[in-house]
Amino acid sequence: MDTKIVIKETERGRITCVLEDDVWKEILVEPLQESILHNIYTGKVTSVSPNMDAAFVSIGDEICYLPFRECAGKKPKSGDEIIVQVIKDKMKTKNAMVSCNLTISGAYFVLTTEKQKIGVSAKITDDRERKRLTDAVSRFLTPQMTFGVIVRTNAAGISEEILVRELDELCGCLTELCRNGRTRTCYSILYQSPCACLEKIRDIESSKLSCIITDSPKIYERLSSSYPVRFYQDSMLSLDKLYRFETNISEAVAKKVWLKSGGYLVIEPTEALTVIDVNTGKYTGRKQSEETYRMINMEAAKEIARQLCLRNISGIIIVDFINMSREENKKELTEYLSSLVRSDKVRTNVVGMTPLGLMEITRMKVRKPLKQQLEEAGYEIYKHQ
């Protein structure tokens, strides 16, 4: 699979899109005022709510939600100054969520204060390589380093010298945060996460990333020493015209999504959940039989898995597939959709069919939905899709 990342800078911010075999898979929109997601702050507890099993923490301009399950050690009291990391963006009426368990990421490792153990990405399947990586981390860590280390997929095949260099840098950063963070002025920002486009690049296996294309000199300069990046400059054909940004983004927020068979999806986000309806539409087969419905449903399942990532749909998703009478077809559809969402970087679970014949899916909330990202960045042309 050929994976390409295209990064476009505009007067309103930055748009990053991920293409797999030239099909748009993900879109990230960063306004000029960058997101606070993954930033680490010295915050102050403003109130504690035992009924909600949570506290509320001020990080300066924002009041954030801190569930007690995300507290390291004892529960905080009102007025306490604590180090927190933003783990979920603010979404409409919901506060941003923070955690006392800190995490920082590099190209090859994720370090955390939560659990003192070494884990290796499940995508690294070779036992000898897993042991080599675990041993390299074990040799580096000292008893004073009370961190958990997750070895990322990109670490496979990388020399120990390069791995240790990054591990040393990350450990130094996290040690400094834990040691000096409590003495810093309240509301100080202790760690600013990399831009979303860099985080997205790190999430993709290096062996699958064919190239990064950008029209931003700043992004090119930042990435060129570490990644296969190409600076795009053509006065006759701009980057957004070449990759049809306006068309693709408009389609990614449109209510109706057409399928190749002539069927279509209707995607309706609401405050509580997202509803997706599957329809036969313009299907031109001779007759509409059980096999026809099965074929359209399987095609719809593949497109739904793509749309969840593309639009960054999260929370509860209910899919009303075309009704099928055979149980084996329903089971096949559920298993197929489950297999498709396994590659999603955001935790996604196909719960199964409800008694009413509706498919229930849950997807973890991390970033804002695409439409909200566009609106907050001021992209008016996509607002009324």
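The values are calculated or read from the model by the stated rules, or taken from the named source; none is laboratory data. Bear in mind the structure is a predicted one, so any value in this text is a computation, not a measurement. All Cβ positions, glycine included, derive from the backbone under ideal geometry; neighbour counts span all protein chains shown.
For the range 31-56, what are the residues that are hydroxyl-bearing (Ser, Thr, Tyr), farther than 27 Å from SER343 by Cα and surrounded by 15 or more Cβ atoms within 10 Å (Cβ to Cβ)? Before you say what the answer is, go through the steps one by one.
The first filter runs over the range 31-56 and keeps only residues hydroxyl-bearing (Ser, Thr, Tyr), leaving 35, 41-42, 46-47, 49.
Within this subset, residues satisfying the condition of being farther than 27 Å from SER343 by Cα are 41-42, 46-47, 49.
Matches in the range 31-56: TYR41, THR42.
Going through the range 152-187 one residue at a time, which ones are hydrophobic (A, V, I, L, M, F, W, C) and over 22 Å from ILE40 (Cα atoms)? I'd like the intermediate steps shown before the answer.
Step one: filter the range 152-187 for residues hydrophobic (A, V, I, L, M, F, W, C), giving 155-156, 158, 162-164, 167, 170-171, 173-174, 177-178, 186.
Result: ALA155, ALA156, ILE158, ILE162, LEU163, VAL164.
Which ones in the range 308-348 are farther than 20 Å from GLN372 by Cα, of a type in the set (A, V, I, L, M, F, W, C) and part of a helix (DSSP H, G or I)?
LEU333, LEU337, LEU340, VAL341
Of everything in the range 330-351, what is surrounded by fewer than 17 Cβ atoms within 10 Å (Cβ to Cβ) and over 25 Å from the mean Cα position of the chain (by Cα)? Give them in sequence order.
LYS331, GLU332
Mind listing just one residue for me: the one in the range 7-25 that is within 17 Å of the chain's Cα centre (by Cα) and not charged (D, E, K, R) and, of those, surrounded by the most Cβ atoms within 10 Å (Cβ to Cβ)?
To start, the set of residues in the range 7-25 that are within 17 Å of the chain's Cα centre (by Cα) comprises 7, 14-20, 24-25.
Checking the rest, the ones that are also not charged (D, E, K, R) come to 7, 15-19, 24.
Values: ILE7: 26, ILE15: 23, THR16: 23, CYS17: 23, VAL18: 22, LEU19: 18, TRP24: 20.
So the residue we want is ILE7.
Looking only at residues that are touching a Gly at 6+ places or on another chain (Cβ under 7 Å) and of a type in the set (Gly, Ala, Ser) in the range 232-282, which one is farthest from GLU360 (Cα to Cα)?
Filtering first and then ranking leaves GLY262.
Of all residues in the range 153-163, which are assigned to a loop (DSSP other than H, G, I, E, B) and surrounded by 21 or more Cβ atoms within 10 Å (Cβ to Cβ)? Before the answer, list the steps.
Taking the range 153-163 as the starting set, the residues that turn out to be assigned to a loop (DSSP other than H, G, I, E, B) are 156-159.
Hit for the range 153-163 is ALA156, nothing else.
Can VAL137 be described as in contact (Cβ under 8 Å) with a residue 12 or more places away in the chain, under 29 Å from VAL84 (Cβ atoms), outside the structural domain of ILE83 (by TED's automatic domain parsing) and in a helix (DSSP H, G or I)? Give the derivation first.
Values: in contact (Cβ under 8 Å) with a residue 12 or more places away in the chain: yes; under 29 Å from VAL84 (Cβ atoms): yes; outside the structural domain of ILE83 (by TED's automatic domain parsing): yes; in a helix (DSSP H, G or I): yes.
It is true that VAL137 is in contact (Cβ under 8 Å) with a residue 12 or more places away in the chain, under 29 Å from VAL84 (Cβ atoms), outside the structural domain of ILE83 (by TED's automatic domain parsing) and in a helix (DSSP H, G or I).
Pick from the range 309-324 the residues that are buried (at least 22 other Cβ atoms within 10 Å of the Cβ) and of a type in the set (A, V, I, L, M): which of them is farthest from LEU358 (Cα to Cα)?
Going through the qualifying residues, I end up with LEU310.
Are any residues in the range 39-68 over 18 Å from LEU190 (Cα atoms) and out of contact with any strand residue (DSSP E or B) (no Cβ under 9 Å at 6 or more places or on another chain), and if so, which ones?
PRO50, ASN51 - these are the residues of the range 39-68 that are over 18 Å from LEU190 (Cα atoms) and out of contact with any strand residue (DSSP E or B) (no Cβ under 9 Å at 6 or more places or on another chain).
Could you list, in sequence order, the residues of the range 171-202 that are within 17 Å of the chain's Cα centre (by Cα) and small (Gly, Ala, Ser)? Please lay out each step first, then the result.
From the range 171-202, those within 17 Å of the chain's Cα centre (by Cα) are 193-202; that's our starting set.
Listed by number, the residues that qualify are SER193, ALA196.
Could you tell me whether the range 139-146 includes any residue that is buried (at least 19 other Cβ atoms within 10 Å of the Cβ) and of a type outside the set (S, T, N, Q)? Full working, then the answer.
Narrowing the range 139-146 to residues buried (at least 19 other Cβ atoms within 10 Å of the Cβ): none.
No.
Do any strands (runs of 3 or more DSSP E) lying entirely in the range 167-251 carry at least 3 residues that are surrounded by fewer than 15 Cβ atoms within 10 Å (Cβ to Cβ), and which ones are they?
Values: elements: 189-191, 209-214, 229-231.
So the answer is none; nothing clears 3.
Inspect all residues belonging to the range 287-299 and state whether any of them is within 19 Å of GLU268 (Cα to Cα), touching a Ser or Thr at 6+ places or on another chain (Cβ under 9 Å) and polar (S, T, N, Q).
No, the range 287-299 contains no residue that is within 19 Å of GLU268 (Cα to Cα), touching a Ser or Thr at 6+ places or on another chain (Cβ under 9 Å) and polar (S, T, N, Q).
Quick one: in the range 104-129, which of the residues that are touching a Gly at 6+ places or on another chain (Cβ under 9 Å) and outside any loop (DSSP other than H, G, I, E, B) is surrounded by the most Cβ atoms within 10 Å (Cβ to Cβ)?
Here is the first cut: in the range 104-129, the ones touching a Gly at 6+ places or on another chain (Cβ under 9 Å) are 110-119, 129.
Retained after the next criterion (residues that are outside any loop (DSSP other than H, G, I, E, B)): 110-112, 118-119, 129.
Values: VAL110: 17, LEU111: 20, THR112: 18, ILE118: 18, GLY119: 14, GLU129: 15.
Of everything passing the filter in the range 104-129, LEU111 is surrounded by the most Cβ atoms within 10 Å (Cβ to Cβ).
Determine, yes or no, whether CYS71 is surrounded by 14 or more Cβ atoms within 10 Å (Cβ to Cβ), in contact with a strand residue (DSSP E or B) (Cβ under 6 Å, 6 or more places away or on another chain) and on the phi < 0 side of the Ramachandran plot.
On the way: surrounded by 14 or more Cβ atoms within 10 Å (Cβ to Cβ): yes; in contact with a strand residue (DSSP E or B) (Cβ under 6 Å, 6 or more places away or on another chain): no; on the phi < 0 side of the Ramachandran plot: yes.
No, not satisfied.
Hey, THR292 hits all of (1) β-branched (Val, Ile, Thr); (2) part of a strand (DSSP E or B); (3) at pLDDT below 90 but one; which does it fall short on?
Of everything listed in (1) β-branched (Val, Ile, Thr); (2) part of a strand (DSSP E or B); (3) at pLDDT below 90, THR292 misses just condition (2).
Could we say that LEU28 is over 27 Å from THR103 (Cα atoms) and either surrounded by fewer than 22 Cβ atoms within 10 Å (Cβ to Cβ) or among the aliphatic types (A, V, I, L, M) (or both) here?
Working: over 27 Å from THR103 (Cα atoms): no; either surrounded by fewer than 22 Cβ atoms within 10 Å (Cβ to Cβ) or among the aliphatic types (A, V, I, L, M) (or both): yes.
No: the conditions fail for LEU28.
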